[in-house]
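The values are calculated or read from the model by the stated rules, or taken from the named source; none is laboratory data. These numbers were taken from a predicted model, which means no experiment stands behind them. Backbone-built Cβ (ideal geometry, glycine too); neighbour counts: all protein chains shown. For the accessible areas, the whole protein counts, side chains as well, though only heavy atoms, and no ligand, DNA or RNA atoms are used. Shrake-Rupley method; radii C 1.70, N 1.55, O 1.52, S 1.80 Å.
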Amino acid sequence: MKTWCLTAIVAMCAPLAFGQVEIGTTGQAEGRIPIAVPDCCTAPGQEAIGKAMARVLAYDLYFSGVFGVVPPNAYPRTFTGFTRDPQTIDFEAWRSTPAEFLVHAYVTSDAQSLTAECRLFDVLSGEMVSGKRLATRGQEWHRLVAHQFADEIVRHLTGVAGCASSRICFSGGSTGKKEIYIADYDGANMKQVTQHGSISILPKFSPDGRKIAYLSYKDRYPFLYVLDLDTGESRPLSKQVGLNVAPAWSPDSRQLAIVQSKDGNSEIYLVNVDGSNPRRITNDSALDTSPAFDPSGTRIAFVSERGGAAQIFVMAADGSGVKRISYQGGRAYDPVWSPDGSKIAYVVDKSGDGFEIYVMNADGAGAKRMTNSAGNNESPTWSPDSRHVMFASSRSGRWELGAVNVESGEEQRIAIDAELSLQGPSWGPRRQ
């Protein structure tokens, strides 16, 4: 049985998994690229910010699945910390360590902002291979700067930026009352964004990161709403008689696919972001639900019982060309397309085995089981870099969030600092 922790421990990474288990690696484990992330250099009196930023950056790089973080006890014996000038780096000494890459950052901050000069060096050549000057404002500013440079490092080495600067949304609460929350992808900086005093669940981040569609009982019945994160205003999306569920954003964030039963059966409709101009795109006597756009906006995956038990189908965005693509056995639910368009994550219910996360190629081939645990694993959602799938799991006895690296199968608990039942995660885009 897989566990939530990622493997070995590094002192620079804060405790994040069950039982205060930390994450990290000693270097070249599992084919990862070894990278050293010493504390950032700062002005006198700001050392705590430099340490905190380095910890965030190290966690981000390890989470990516690309890098292994070299622990401080493997640094050169003569290393006592960076100066602001990267020309003082003793690369000859660093070549005696496992590190292939080295992060150097100089950070300054005041009460309103933070600026960081971030550089990535190839240890063997001593050459800078990537560098950025980043600035930001607001609370926990060091985290966003660290996330952004982590994404740049991953982009430089792989061609695709990481997911560290992204946010997630989810529902949290207890029986009889749930609200919508947002947080950094790693669970930090959680913020409640609805105040309905009711049951609000199953949020979906818009691709532009500015809105969240969700289901709420705040007006007595289950209706769909769209929350504008810039203004905090929530407006109705669908308040029809019967079902109003399963909102799915188009890639341009201008329309949504939703499920309604106002015509006597569960069918999929397209609507504008304000709920106007509804267009029905399925017409079958069986249940059709859980739509999900592909990145091009030309195809929609969905769940249907038209073949008997619930399975995943794909159709054109106008409802034509319906084709079944899931054949792994058991019932299949909740499809979601990876941002690069190559894969679909979904949920499988095999009688007696509970709900597990699967990933298949976009054409239905290569179905692969990603979770294997007690309890249920539901509501898959992709990271912006298409490397991870986040999900809700009841394996610990209460609902929490986890993520799995699709390539390696490593799982990590998302450490939300709240005693809440957490469900229905949705992964938003990177922040600039």
key: Pairs, first at pLDDT 95 or above in the range 35-64, second part of a helix (DSSP H, G or I) and of a type in the set (D, E), C-beta under 8 Å, six or more apart   = D39/E47; D60/D151
task = Give just the number: which of (1) touching a residue at least 24 places away in the same chain (Cβ under 8 Å); (2) closer than 18 Å to S266 by Cβ does Y214 not satisfy?
result = (2)
task = Under 7 Å between Cβ atoms, at least 6 apart or on separate chains: pull out the pairs that start in the range 273-289 with a residue that is part of a strand (DSSP E or B) and end on any residue that is of a type outside the set (A, V, I, L, M, F, W, C).
result = R279/Y269; R280/E267; R280/Y269; D288/S266; D288/E267; D288/T282; D288/S304; T289/S266
request  = With the checklist (1) in a loop (DSSP other than H, G, I, E, B); (2) surrounded by 14 or more Cβ atoms within 10 Å (Cβ to Cβ) in hand, flag the one item H142 doesn't pass.
outcome  = (1)
request  = Filter the range 294-312 for residues that are closer than 22 Å to P278 by Cα, in contact with a Pro (Cβ under 9 Å, 6 or more places away or on another chain) and of a type outside the set (S, T, Y) and give the result.
outcome  = D294, P295, G297, I300, A301, F302, V303
inquiry  = What pairs come out if I take residues in the range 67-88 that are within 19 Å of I153 (Cβ to Cβ) and pair them with residues that are in a loop (DSSP other than H, G, I, E, B) and open to solvent by 100 Å² or more (accessible area, probe 1.4 Å) whose C-beta lies under 9 Å away, six or more apart or interchain?
reply    = G68/Q28
inquiry  = I want to confirm something. Restricting to the range 180-221 and keeping residues that are under 23 Å from the mean Cα position of the chain (by Cα) and among the charged types (D, E, K, R), which single residue is farthest from D385 (Cα to Cα)?
reply    = K191
task = Answer yes or no as to whether V129 is open to solvent by less than 20 Å² (accessible area, probe 1.4 Å), β-branched (V, I, T) and not in a helix (DSSP H, G or I).
result = no
query = Among the listed residues A317, A309, which satisfies the condition of being within 25 Å of S266 (Cα to Cα) and modelled with pLDDT under 95?
reply = A309
ask   = Tell me, which strands (runs of 3 or more DSSP E) wholly within the range 352-432 include 1 or more residues that are over 26 Å from L144 (Cα atoms) and modelled with pLDDT of 95 or more?
value = 354-361, 377-382, 388-393
ask   = When you scan the range 323-349, how many residues do you find that are over 22 Å from P429 (Cα atoms) and open to solvent by 60 Å² or more (accessible area, probe 1.4 Å)?
value = 5
message = Conditions first: (1) surrounded by fewer than 17 Cβ atoms within 10 Å (Cβ to Cβ); (2) of a type in the set (S, T, N, Q); (3) in contact (Cβ under 8 Å) with a residue 24 or more places away in the chain; (4) farther than 23 Å from D186 by Cα. S109 passes all but one, so which condition is the exception?
response = (1)
ask   = Yes or no: G197 in contact (Cβ under 8 Å) with a residue 60 or more places away in the chain and over 30 Å from E407 (Cα atoms)?
value = no
request  = Output yes when any residue across the range 7-28 is in a loop (DSSP other than H, G, I, E, B), at pLDDT 90 or above and touching a Leu at 6+ places or on another chain (Cβ under 6 Å), and no when none is.
outcome  = no
message = Please go through the range 50-72 and give me each residue that is surrounded by fewer than 21 Cβ atoms within 10 Å (Cβ to Cβ) and farther than 27 Å from S408 by Cα, ordered by number.
response = K51, A52
request  = Tell me, yes or no, whether the range 183-203 has at least one residue that is open to solvent by 40 Å² or more (accessible area, probe 1.4 Å), assigned to a loop (DSSP other than H, G, I, E, B) and among the charged types (D, E, K, R).
outcome  = no
